[in-house]
Each structure stands twice: as C-alpha cells, then as structure tokens.
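Since the structure comes first, as structure tokens, the remarks are kept for the end.
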Amino acid sequence: MNREEIKKYIYKKYKIESVSLWEDTPDYIVFRNNKKKWFAIIMDVPYNKVYRSSNKNHKIDIMNVKSEPDFIISIKNTNGFAPAYHMNKKHWISIEISKVSEDKIKNLIDMSFGIVDKNNN
C-alpha cells in the first residue's frame with residue numbers, strides 16, 4: 001500500500017480527507033476524526049530516525065497510528081513496525097507502509113480510528 005491508497009481507503013470508509021498542517025513539511029498529512037482528534041499521520045522521514053540503530057538516511061514513508069499499549073509492545077520490533085516516530089511511544093506505533101500488508105494497514109487504521117473515536121465521545 002502507498003500513501004495515495006491509504007488516503008483513498010480512509011476517505012471511502014470514513015469520508016475524511018487528509019490535511020497538511022505544516023508549511024515546512026507539506027508531505028506530512030494528518031487524518032482527524034470529526035472532533036479534530038488525530039488517528040493517523042503519514043510522514044516521509046529519514047530511515048535512521050525511525051530505526052535508530054541504522055546509519056541509512058534515505059527517506060521512507062511511515063504512518064503513525066494509535067493503538068493499545070499491549071499490542072504495541074507485542075509488535076513494535078517486528079518487520080515494518082517501530083516505536084512511534086515523534087509521538088507518544090506508549091500509545092502510538094510507526095508503520096513502514098511499504099513493508100506491511102494492505103490488510104494489516106487497513107486493520108490498524110480502523111483500530112486507531114475506533115480508539116480515538118471511543119475516547120473522545
């Protein structure tokens with residue numbers, strides 16, 4: 001899956017458009033529910049900012065989603081997943097979107113949307 005496919009999936013399922021909040025990083029796009037609470041963000045960041053033990057610095061697309069802390073502990077060091085870049089690592093996880101299956105990405109988006117929506121009613 002790529003960022004455009006993710007945008008289409010979120011729009012089709014939730015009727016939510018992405019928004020770019022920062023002029024200096026227009027490729028960082030945020031998805032917010034109707035109460036303006038974030039449930040996903042896609043960013044292009046240097047590889048070594050996500051995978052700290054690496055010296056590679058080419059940019060990769062990642063998506064951060066909200067999740068349950070126990071799930072994050074169980075998945076954060078598997079292929080395509082890392083502790084959340086630039087977010088609370090207890091409640092968010094980073095997904096290297098080119099390395100994770102479409103079904104898993106969709107499930108994680110849906111889980112994140114549900115968590116955010118449930119916590120903000």
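Structure values in brief
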| read-out | value |
| --- | --- |
| All helices (runs of 4 or more DSSP H) inside region 1-101 with 3 or more residues being over 16 Å from G114 (Cα atoms) and polar (S, T, N, Q) | none |
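Residue by residue, here is whether (1) among the hydrophobic types (A, V, I, L, M, F, W, C); (2) buried (at least 17 other Cβ atoms within 10 Å of the Cβ) holds:
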site	(1), (2)
E68	no, no
I73	yes, no
K76	no, no
N88	no, no
I93	yes, yes
E96	no, yes
K99	no, no
N107	no, no
F113	yes, yes
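Residue by residue, here is whether (1) modelled with pLDDT under 90; (2) surrounded by 16 or more Cβ atoms within 10 Å (Cβ to Cβ); (3) in contact with a Gly (Cβ under 7 Å, 6 or more places away or on another chain) holds:
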site	(1), (2), (3)
K15	no, no, no
D24	yes, no, no
Y28	no, yes, no
F31	no, yes, no
K35	no, no, no
A40	no, yes, no
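The values are calculated or read from the model by the stated rules, or taken from the named source; none is laboratory data. Worth saying up front: this structure is predicted, and the values here are computed from it rather than measured. Please note: Cβ atoms are built from the backbone with ideal geometry, for glycine as well, and neighbour counts cover all protein chains shown.
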